[in-house]
1. With angles folded into 0 to 90 degrees, how steeply does helix 51-61 sit against the dominant principal axis of the chain? Use alpha carbons for both and round to 10.
2. Which cross-chain or sequence-distant (5 or more) residues have an amide H under 5 Å from the amide H of His40, H modelled 1.01 Å from N in plane?
3. May I ask you to list the GluC sites (Glu not before Pro) in the chain that are in a DSSP loop and have at most 14 other Cβ atoms within 10 Å of their Cβ?
4. Report the normalised scattering of the stretch 1-57 as log10 I(q)/I(0) at q = 0.17, 0.24 Å⁻¹, calculated by the Debye formula with identical scatterers on the alpha carbons.
Amino acid sequence: MLSDEEGTWSRALGLPTFEAGGETLLRRVTLILRDGVIEHVFYPVFPPDRNAADVLAWLAAHP
């Protein structure tokens, strides 16, 4: 979990956003980082209730 209230990080990475209620919000995305490098991206996160299992399976396959 990462806070990016200013949007600096999300803009630099080009993360997907959407507008709601006058605010810019991040879409669901899961980033796998290893040694400070993005190794894998899960996007779109669908279905959302499977994302945790998908991430765990990916991690098990890529030790």
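What follows is calculated from the coordinates using simple rules that are stated; it is not laboratory data. Keep in mind the model is a prediction, meaning the values are calculated, not measured. So basically every Cβ, Gly included, is an ideal-geometry build from the backbone, and we count neighbours across all protein chains shown.
1. Taking the Cα atoms of the chain, the angle to 51-61 is about 40 degrees.
2. Ile32
3. Values: sites: Glu5, Glu6, Glu19, Glu23, Glu39; in loops: Glu5, Glu6.
Here the sparse-neighbourhood loop sites are Glu5, Glu6.
4. With no solvent term, the Cα-only Debye profile gives -0.64, -1.13.
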